[in-house]
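Down below is the structure, laid out as structure tokens.
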């Protein structure tokens, strides 16, 4: 299985990143770079959700009922033409609400610091990336004949392939989501960023 980040390097990834870049008003290379950071962050959040039995059941149901990977087959329609389909962005916002909850803004801040985007653009990036990640996960779950929520954690962990930096970012977000909300978000981001990103 190729890692989910390998998707961004191929023709399909070009279509997606061009659409995302146009939507955000940035060039394709920066959009691709930011997407390569956003995806592991979302994977980390999904992995954390999959480790909680109740949230894992909800995630499993969403994958089985809706996110079957068909978004990837329709990428040209969704991400082409210089803008991203609004329904997909709205769906991404709902996914973020389920996966990140009240820490959605915190994760957007983390991405903005890492990718050099303003927080609003980083949040929109996450909204556009979320349906892609769910589609990839849904497709992989079907390939692996997943029949139980307990099987999701291993699949999510394996979808980043051998990308060590991406694995670090996934772990970074898992730890960020464990923060106690004591108000020192920026300190948390700074300290964790130094540890995981070598800054």
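Quick check: anything in segment 33-49 part of a helix (DSSP H, G or I), within 30 Å of residue 150 (Cα to Cα), without any contact (Cβ under 8 Å) to a residue 40 or more places away in the chain and within 16 Å of the chain's Cα centre (by Cα)?
There is no residue in segment 33-49 that is part of a helix (DSSP H, G or I), within 30 Å of residue 150 (Cα to Cα), without any contact (Cβ under 8 Å) to a residue 40 or more places away in the chain and within 16 Å of the chain's Cα centre (by Cα).
State all residues of segment 77-95 that are in contact (Cβ under 8 Å) with a residue 40 or more places away in the chain and farther than 13 Å from residue 132 by Cα; if no residue qualifies, say none.
Of everything in segment 77-95, those that are in contact (Cβ under 8 Å) with a residue 40 or more places away in the chain and farther than 13 Å from residue 132 by Cα turn out to be 80, 81, 82, 83.
Inspect all residues belonging to segment 135-147 and state whether any of them is loosely packed, with under 14 Cβ neighbours inside 10 Å and either in contact with a helix residue (DSSP H, G or I) (Cβ under 6 Å, 6 or more places away or on another chain) or farther than 25 Å from residue 78 by Cβ (or both).
The answer is yes, given that some residue of segment 135-147 is loosely packed, with under 14 Cβ neighbours inside 10 Å and either in contact with a helix residue (DSSP H, G or I) (Cβ under 6 Å, 6 or more places away or on another chain) or farther than 25 Å from residue 78 by Cβ (or both).
Quick test for you: out of 97, 116, pick the one residue that is closer than 22 Å to residue 8 by Cα, loosely packed, with under 15 Cβ neighbours inside 10 Å and in contact with a helix residue (DSSP H, G or I) (Cβ under 9 Å, 6 or more places away or on another chain).
From the options 97, 116, the qualifying one is 116.
Computed from the coordinates by the stated procedures, all read-outs in this text should not be read as laboratory data. Quantities reported herein were computed from a predicted structural model and do not represent experimental measurements. Neighbour counts are summed over all protein chains in view; Cβ atoms, including those assigned to glycine, are modelled from backbone coordinates with ideal geometry.
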